1. Just checking, which of Leu32, Leu3, Leu68 is over 18 Å from His93 (Cβ atoms), modelled with pLDDT under 95, surrounded by 10 or more Cβ atoms within 10 Å (Cβ to Cβ) and not acidic (Asp, Glu)?
2. Could you list, in sequence order, the residues of the stretch 79-117 that are charged (D, E, K, R) and in a helix (DSSP H, G or I)?
3. Looking at the stretch 43-79 only, could you name the residues that are under 14 Å from Leu114 (Cβ atoms) and in contact (Cβ under 8 Å) with a residue 24 or more places away in the chain?
4. Test Arg115 against the criterion of being under 30 Å from Gly48 (Cβ atoms) and in contact (Cβ under 8 Å) with a residue 60 or more places away in the chain, and give yes or no.
5. I'd like to verify a number: residues in the stretch 51-78 that are assigned to a helix (DSSP H, G or I) and more than 18 Å from the chain's Cα centre (by Cα), how many?
Amino acid sequence: MNLSKHAIAAYQTAVMTTPPLQAVVLLYDGILVRLHNAANAAAAGDYGRQYDEIARANEILRGLLAALDLQAGGKLAAGLADTYRTNMQALLHTVGRKDAEKSCRRIAEGLRTLRNAWAEIAGMAMNEPKQSGFDA
């Protein structure tokens, strides 16, 4: 088995063995990494990279949105759907703006709060920003 096939097999095994709540937390972690990268890109004036990172974060949010069962989840699922949509729009509106870095960090903090709520339910560690400022 070559290296890429081995990596794909390992990824598929991890996906199949990760409990759903932990998977949700890991998806939020991915969003936070993307927003960290987007904020750094915005600070450097690299708005193309900022857009790419935001697009990746929005892909994850879109996946979380698609996974919601609005029938079974009731008001909670509807609230999460609204939150995901609002954050996706807000992120797109940051691209190229003078306050893009600050906006990305503010949005990330709100999503970090959601991530930590899921982590608490899943029995996982909290994700706190480091002393140096914003970290994923």
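1. On the way: Leu32 fails: modelled with pLDDT under 95; Leu3 fails: surrounded by 10 or more Cβ atoms within 10 Å (Cβ to Cβ).
None of the others qualify; the one that does is Leu68.
2. From the stretch 79-117, those charged (D, E, K, R) are 82, 85, 97-99, 101-102, 105-106, 109, 112, 115; that's our starting set.
Matches in the stretch 79-117: Asp82, Arg85, Glu101, Lys102, Arg105, Arg106, Glu109, Arg112, Arg115.
3. Ala57, Ile60, Leu61, Leu64
4. Numbers: under 30 Å from Gly48 (Cβ atoms): yes; in contact (Cβ under 8 Å) with a residue 60 or more places away in the chain: yes.
Considered against the rule, which asks whether it is under 30 Å from Gly48 (Cβ atoms) and in contact (Cβ under 8 Å) with a residue 60 or more places away in the chain, Arg115 comes out as yes.
5. Residues of the stretch 51-78 that are assigned to a helix (DSSP H, G or I), as a first pass: 51-67, 70-78.
After this cut, where a residue has to be more than 18 Å from the chain's Cα centre (by Cα) as well, the list is 70-76, 78.
Of the residues in that region, 8 qualify.
The values are calculated or read from the model by the stated rules, or taken from the named source; none is laboratory data. Just so it is clear, the structure is predicted and the values come from calculations on it, not from any experiment. A quick note on method: Cβ atoms are made from the backbone with ideal geometry, for glycine too, and the neighbour counts reach across all protein chains shown.
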